[in-house]
Amino acid sequence: FMPKGSFDAHPEAYALKEDGTRDDQMICMSSPVAVKLVAETCKDYFRNNIWLWSVGFSPPDGYPGCHCKDCLARLGDKQRNLISNLWFGFMRAVAQESRKEFPDRFIVSMAYANRAEPPDFKHLPSNTMLEFADIDTCTIHPMGGCPRKEVYERCLKEWTHASPIVFLREYDPGKHLDGMPFPVLNNLMQDFPKFKEMGIFGFYTEGHNA
C-alpha cells in the first residue's frame, strides 16, 4: 500500500528481515516515513474517489514482522511475538493523519494471525474500522464452548471497546478442518445473538467447498 517507487526511494520505510535485507512486501511499523507514505496513499484514494467512505490495508498473509531495533523494542509483552502493538499503533498514526483532511472517511485493517489479540492500548481513532479474523480459533464450538473459543470471545469484546466499528470474517469449515464437511452454521446460530449484543457491525464468511 505504498506509492510506486517508494522501495527504492525510502528503503528505511520497509520491514527489516532477520538477514538484514529489506522486505518489499511489508512496511516498518515504527517508521514515520512509512506512516506518511501510507497515509498519503489513503488520502489520494479519497481525493480521487469521492464516493469511497473507507479504504483498507493490512500486512501480507501469514505472520509478518519487522526486525529493526525500534520495532523489536515496541513489541510489548504479548506471547508468540505478536505484532498487535506495532501494527495497530501504525494504523492509529495513519488514521490520525488521514482524519486531518477526511474526518468522515474510515481507515480499515484486519485483526488477524499474529495481530488478532488487541494491543495494550485500548482505543483507536474514531475514523477506524476493524475486521476481526481469528484464523487460529476453534470452529467446532460456539463461543463459550471450549477454552480457545473463550479467548476468541474475550478478544472480540475487547475489540468492540477499542474500535468504533468491528465486523467479522469467519472461516467455514475452519483452518484446522480444511477439506472436511464440518459447517459452522450451528455454531453461528448460537453466536449471532451475542454478536448483536456486542454491537458487531457486519459479517462475512470465507467458505470452502468440502
Fill in: Sole exception among (1) touching a residue at least 40 places away in the same chain (Cβ under 8 Å); (2) farther than 26 Å from Asn48 by Cβ for Ser109, by number
(2)
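Output the residue which, of all residues in the stretch 169-200 that are part of a helix (DSSP H, G or I) and among the aliphatic types (A, V, I, L, M), is farthest from Val108 (Cα to Cα). Don't jump to the end; show me each part of the working.
Restricting attention to the stretch 169-200, the residues satisfying the condition of being part of a helix (DSSP H, G or I) are 175-177, 185-198.
From what's left, among the aliphatic types (A, V, I, L, M): 177, 185, 188-189, 198.
Values: Leu177: 28, Leu185: 27, Leu188: 24, Met189: 27, Met198: 19 Å.
Among those residues, the one meeting the criterion is Leu177.
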Item to complete: Filter the stretch 38-67 down to residues that are open to solvent by less than 30 Å² (accessible area, probe 1.4 Å) and either touching a Cys at 6+ places or on another chain (Cβ under 6 Å) or in a helix (DSSP H, G or I) (or both), then give me how many there are.
Response: 8
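Residue under question is Phe90, and the condition is that it be within 14 Å of Thr128 (Cα to Cα) and either among the small types (Gly, Ala, Ser) or under 19 Å from the mean Cα position of the chain (by Cα) (or both); does it hold? Write out each step before concluding.
Working: within 14 Å of Thr128 (Cα to Cα): yes; either among the small types (Gly, Ala, Ser) or under 19 Å from the mean Cα position of the chain (by Cα) (or both): yes.
Yes: the conditions hold for Phe90.
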Practice prompt. Could you tell me whether any residue of the stretch 169-191 is surrounded by 13 or more Cβ atoms within 10 Å (Cβ to Cβ) and under 15 Å from the mean Cα position of the chain (by Cα)?
Written response: yes
Response to the item:
Just one listed residue, out of Ala113, Ala73, is more than 19 Å from Ile200 (Cα to Cα) and open to solvent by less than 10 Å² (accessible area, probe 1.4 Å), and it is Ala113
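Considering every residue within the stretch 3-18, establish whether at least one is of a type in the set (Ser, Thr, Tyr), open to solvent by less than 50 Å² (accessible area, probe 1.4 Å) and part of a helix (DSSP H, G or I).
Yes.
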Worksheet item: For the stretch 141-168, what are the residues that are assigned to a helix (DSSP H, G or I) and open to solvent by less than 20 Å² (accessible area, probe 1.4 Å)?
Response: Lys149, Tyr152, Cys155, Leu156, Trp159, Ala162
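The values are calculated or read from the model by the stated rules, or taken from the named source; none is laboratory data. Bear in mind that the values here come from a model prediction, so they are computed numbers and not experimental data. Cβ: placed from backbone, ideal geometry, glycine included. Neighbour counts: every protein chain shown. Quick note on the areas: whole protein, heavy atoms, side chains included, nothing else; ligands and nucleic acids left out. Shrake-Rupley method; radii C 1.70, N 1.55, O 1.52, S 1.80 Å.
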